[in-house]
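Report on one structure; see the data block that follows.
The values are calculated or read from the model by the stated rules, or taken from the named source; none is laboratory data. None of these values were measured; they are calculated from a predicted model. Here the Cβ is made from the backbone with ideal geometry for all residues, glycine too, and neighbour counts use every protein chain on show.
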Amino acid sequence: MNVLIESLVFISSGLLIPCVALLFILLGDSLNKTFHSFRNHNKQLLQLDQVRHWIRDSREPSTFPLTALSDEFGEYSSALLAADNQALAIHLLAEFEAISEKKLASLNRLARLGPMTGLLGTLIPMGPALDGLANGDIARLAGQMQVAFTTTVIGLVIGGIGVVLVQRQAQISKRQLAALDYLCDTTPQKHSIK
């Protein structure tokens with residue numbers, strides 16, 4: 001029985017380094033996504049405002065503000081305006097929705113993996129910390145507790161960043177889908193599926 005317990009302790013201790021490495025990767029990814037989100041957020045809101053004004057005021061395909069749309073939203077807006085049947089328009093709308101969901105899923109993974117990895121980084125060093133406490137090795141206890149608390153904090157920061165980015169991207173995606181849905185509904189019905 002002791003062999004099994006020692007094997008589990010060995011395996012658990014061996015997971016600390018991959019856990020810390022994963023935390024570094026997730027932290028870098030969250031900072032990268034934060035940078036891109038803040039860089040693109042105002043541009044996306046401006047694009048959506050231009051489309052909203054176009055829907056409210058003009059609705060003429062020739063006056064659609066395509067020059068302001070330089071990303072996937074612009075590509076799909078252009079494709080929807082050029083679509084000559086409802087089936088193609090619905091397909092394009094579904095493709096854009098899938099792209100939006102993929103972006104949200106990536107941010108959701110960040111929001112969930114950060115705290116989970118931080119928790120692993122908290123629990124793994126607790127065994128050696130308690131062992132240090134039992135043996136009167138306060139320095140070992142302090143070192144292991146420092147690792148435990150640090151990984152918790154980093155994991156929660158990553159999760160917090162992920163949650164904020166998910167909310168921001170969901171807001172943008174809903175508005176983009178609403179605009180594209182409007183363009184889809186204005187597509188000619190020549191060869192629509194009945």
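Per-residue answers, yes or no, for (1) among the hydroxyl-bearing types (Ser, Thr, Tyr); (2) at pLDDT below 80:
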{"site": "SER12", "(1), (2)": "yes, no"}
{"site": "ARG39", "(1), (2)": "no, no"}
{"site": "ASN42", "(1), (2)": "no, no"}
{"site": "LEU46", "(1), (2)": "no, no"}
{"site": "ARG52", "(1), (2)": "no, no"}
{"site": "GLU60", "(1), (2)": "no, yes"}
{"site": "THR63", "(1), (2)": "yes, yes"}
{"site": "THR67", "(1), (2)": "yes, yes"}
{"site": "SER106", "(1), (2)": "yes, no"}
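Need pairs with beta-carbon distance below 8 Å; first residue farther than 13 Å from LEU26 by Cβ and within the stretch 152-165, second among the polar types (S, T, N, Q); sequence gap 6+ or separate chains.
THR152/THR122
If I ask for residues that are surrounded by fewer than 14 Cβ atoms within 10 Å (Cβ to Cβ), among the small types (Gly, Ala, Ser) and within 21 Å of VAL166 (Cβ to Cβ), which ones from the stretch 85-143 would you list?
ALA98, ALA105
For the stretch 29-53, which positions are under 30 Å from GLN144 (Cα atoms) and surrounded by 11 or more Cβ atoms within 10 Å (Cβ to Cβ)?
Listed by number, the residues that qualify are ASP29, SER30, LEU31.
On the basis of being at pLDDT 95 or above and either among the β-branched types (Val, Ile, Thr) or under 26 Å from LEU104 (Cβ atoms) (or both), does ILE172 make the cut?
When the stated conditions are applied, ILE172 does not pass them.
Return yes or no: is PHE149 of a type in the set (Phe, Trp, Tyr), part of a helix (DSSP H, G or I), in contact (Cβ under 8 Å) with a residue 24 or more places away in the chain and touching a Phe, Trp or Tyr at 6+ places or on another chain (Cβ under 9 Å)?
For PHE149, the condition - of a type in the set (Phe, Trp, Tyr), part of a helix (DSSP H, G or I), in contact (Cβ under 8 Å) with a residue 24 or more places away in the chain and touching a Phe, Trp or Tyr at 6+ places or on another chain (Cβ under 9 Å) - is not met.
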